[in-house]
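Just below is one structure, and these are the notes that go with it.
The values are calculated or read from the model by the stated rules, or taken from the named source; none is laboratory data. All figures in this text were calculated on a predicted structure; none of them were measured in a lab. FYI the Cβ positions are ideal-geometry reconstructions off the backbone, even for glycines, and counts take in every protein chain you see.
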Amino acid sequence: MVSGGAGADVGFTTSFQVRFGHVDPAGIVYFPRIFDYLHDVFEELWEIHVGTRYYHLLLEQRVGFPIVHADVDFGHPLRFGDRPEVRVTCFRLGRTSIGLRYRIRKDDRTCIDARLTTVCVDTGTMSPLPVAEEFRARFEEIFEPLPTPGSDGSSNPRS
């Protein structure tokens, strides 16, 4: 689901369920699993918002968007049975790169605040490619600059 418009939050919103096999002996999501969740949401974003299944992008168009930088804040644990909401916005839209921010929230608490940068590449050579205009237009629809440090809406996950 994409939201936007006057006074509304911009972004793509979805959710997922924390399964029994996703938690560690402490009863919380094992931290590497967070990257699996982020990638699942990334694929859903492509299919629902951008309009192209990521699978087809990789295998038919031979274009991929591997992560080249990740900055993740863990603010509150996720537990078995949780169904957090994820809001994705685009904070950077470069010639060959896309920066996406994923805010995973449950019960009005930010659990995860992740900023991932991907680069558009030819999957055969792993050489950078310009982001296609039809994709750029879709990411522009969910563009939201990162907040400045210390301002309301900062990337502090404990807020």
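The figures follow:
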{"read-out": "Residues of segment 49-71 classified as farther than 19 Å from L93 by Cα and either touching a strand residue (DSSP E or B) at 6+ places or on another chain (Cβ under 8 Å) or not in a helix (DSSP H, G or I) (or both), total", "value": "5"}
{"read-out": "Qualifying residue in segment 11-21 (condition: of a type in the set (V, I, T), surrounded by fewer than 14 Cβ atoms within 10 Å (Cβ to Cβ) and in contact (Cβ under 8 Å) with a residue 12 or more places away in the chain)", "value": "no"}
{"read-out": "Cβ-Cβ under 8 Å pairs, at least 6 apart or on other chains, segment 125-149 side in contact (Cβ under 8 Å) with a residue 12 or more places away in the chain, far side among the polar types (S, T, N, Q) and assigned to a loop (DSSP other than H, G, I, E, B)", "value": "P128/T96; L129/T96; P130/T96; V131/T96; F135/T52; L146/S155"}
{"read-out": "Counted residues, segment 86-109 - those being loosely packed, with under 13 Cβ neighbours inside 10 Å and in a strand (DSSP E or B)", "value": "0"}
{"read-out": "Among the residues listed as V29, V2, the single one being modelled with pLDDT under 95, in contact with an Asp or Glu (Cβ under 9 Å, 6 or more places away or on another chain) and surrounded by 12 or more Cβ atoms within 10 Å (Cβ to Cβ)", "value": "V2"}
